[in-house]
Structure formats: structure tokens, C-alpha cells
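Laboratory data are not the source of any read-out in this text; all were calculated from the coordinates shown. If you're wondering where the values come from, they're calculated on a predicted model, not measured in any experiment. Note that we place each Cβ from the backbone using ideal geometry, even for glycine, and neighbour counts take in every protein chain shown.
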Amino acid sequence: MSADGGEAVEMRTALLRLRRGTGLPIAFGGLLEGQRRLRIGELSGARTPALHGLAVSSGNGLGGKALALSRPCAVTDYSVSRHISHEYDAAVEAEGLRSVLAVPVVVRRRVRGVVYGALRAAQPLGDRVLSTAVAAARDVEQALVVRDEVRALLAAVREPVAGPGAWEQVREAHGALRALAPRIADPGLRAEILSVCGTLASATTLPAHDRERPACLAPREVDVLACVAAGATNAVAAQRLGLRPETVKGYLRSAMRKLGAHTRLEAVVAARRAGVLP
């Protein structure tokens, strides 16, 4: 699978974080195309275009070794290392790289890409550099997990839903998508998520004469109400939304005030009548 625009944003952010955290002059990376080959699509600090678009096969070079072994690999002097194969020496030499490390991006036990960092001098890369590179790879992993969850939910809500539990499935999907949306860096995908959430919320079963005028709730107030509607406590809602429990309480109080509700249940009912929640 090649990187789409959003995945490229996540990789680019991780590479910048890697360079800032280590002082490495260059970081680069890419995601898999198919099962056994990745393409380097993002570079930070490159002096030449030599590495851009380079296709790395599993087992070949340093990145291919990390891909095949599913673990971090490093060399102190790339061009003379006897621990890797040398299919990509020309590109590495053109960029002037010597010490290089490669960390696989692993999602659900499957390698999805590789994050690289390098020096233009033959000197050891210490533990701090390695741990920072591993953290950068983990950032990409978490972003891919979230995107996978979003894609699965979007696919599910676009399918016709029927049966006695259908409406609850819609509500659960709506709450999950609202919780995931703020964690998406890609503005296009985030807008798509919120559009789908709006469609789900407006698909109320209430007859038109029973619907109330929509309340002017802030996006985070809607996020909190969606969690509450799914039965989440303030602590659970905070964990899902990446907020502090006190912040969740504040959003909930504000939403209740705007909806004229005195309890959590009243707030959820009022939000559904206003077409804010499904």
C-alpha cells in the first residue's frame, strides 16, 4: 500500500520530530507498496533528490533488512558495511550518508514502513538517537492504527444497516468517529469524518414536528456528549478524547446549559432531538 496524502503528513511530522530530537542532519522514510517493497517518499534535510522515490525491497540494503527482520538496524559506515547488501550504494553515496539507522513501522505485527535517520560522518549512533527514532516510528504506527479504524468505521456506516440493533450501531459508530476525528492530522480525512458524523446525526428517527431547534454546541461539546451517549464516564470520555477529566466536565456542563438540561441523560435526549446526535 502506498502512502496517501494523510499518511505522508504523518510520516513527515515524525521525521521532523526525529531530527529535532536528535540533531541528525537528515531523516527519511516511506510506507510499503505491496507486501515486500517500500518506496521512500518523505525526506527531511536532504541535499539531493537521490533518495526520493527509491524503491527498497525486503532484505536489500539497511531498510530492507529492517523490513525483513521487523527490528531496528544500524550501520556505522554504510558503503563498507558487511552486514547489509549494497543495491542502493549509489543513492546513499550521492546524499553523502555514512552512519545510518532504520526502524520499521509495525502495525498489528505487520511492517508497514521504515523510518531512517543518518549522519554524513562515520560515527556511532548512540542509544538516545535510537530511542528517539523508535519513538518516531511509533508515532507513525499510532497514526496508521487510527486511520485504519477510521476507514473501517466509514466503510461500516456507508453500508445499509438493518435489524433491531441497527440504530445503536449507528450511534456507536458516530461516537467512535467523533472521538477519532481530532487525532487525524489530514484535514481532508478529518473533514470527511465530520461530514459523515453530521449525516448520521441528522438521520434522526424523530418525526419532523418533534425535532427541536439545533443547539449551538462547540465541536468538543458534541464529542463529549457522543461519549456520554455511549455510556462513557467522564474518565473514560477523557481517555477516548485525549482530554483531562476536568476538561470533560467543563464541556459537559457547558453543553447541558446550552441544551437546558439538568442531567447527563437529559442532555443526550435534548441533543438527539436537536439533531446533534443520532
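Can you compute the FRET efficiency between ARG71 and GLN169 using 1/(1 + (r/R0)^6), with r the Cβ-Cβ distance and R0 = 25 Å? Round to the nearest 0.05. It would help to have the intermediate numbers written out before the result.
Numbers: r = 39 Å, r/R0 = 1.58.
With a Förster radius of 25 Å, E is 0.05.
Give me the base-10 log of I(q)/I(0) for the chain at each q in 0.08, 0.09, 0.12, 0.14 Å⁻¹, Debye formula, one uniform scatterer per Cα, rounded to two decimals.
Log10 of I(q)/I(0), two decimals: -0.45, -0.54, -0.78, -0.91.
Based on the mean of other beta carbon atoms within 10 Å per residue, what is the order of 231-238, 102-109, most packed first?
Going by the mean number of other Cβ atoms within 10 Å, highest first, we get 102-109, 231-238.
How much length is gained on full extension from GLN142 to THR48, taking 0.36 nm per residue of separation minus their Cα-Cα distance? Could the numbers behind the result be given before it?
Working: separation 94, 0.36 × 94 = 33.84 nm, distance 3.00 nm.
Computed gain between GLN142 and THR48 is 30.8 nm.
Could you work out the helix-only [θ] at 222 nm for the chain, with each DSSP H run of four or more residues adding -39,500 (n - 2.57) and the total divided by the number of residues, to the nearest 500 deg cm²/dmol? Walk me through the numbers before you get to the answer.
Working: 10 runs with 140 residues, N = 278.
Taken over the chain, the calculation gives -16000 deg cm²/dmol.
If you average the sequence gap of Cα pairs under 8 Å that are 6 or more apart and divide by the length of the chain, what percent do you get for the contact order?
14
Whole angstrom only: what separates the Cα centroid of the range 29-48 from the Cα centroid of the range 236-278?
Taking the Cα centre of the range 236-278 as reference, the centre of the range 29-48 is 43 Å away.
Considering every pair of different Cα atoms, what Kirkwood radius, in Å, is found for the range 1-102?
13.8
At a Förster radius of 45 Å, what calculated FRET efficiency corresponds to the Cβ-Cβ distance of GLN123 and VAL236, to the nearest 0.05?
0.40
Quick check: residue separation of THR247 and GLU266 times 0.36 nm, minus the Cα distance between them. What number comes out in nm?
That works out to 4.8 nm of additional length.
How high is the FRET efficiency between ALA135 and ARG108 when r is their beta carbon distance and R₀ equals 25 Å, given to the nearest 0.05?
0.85
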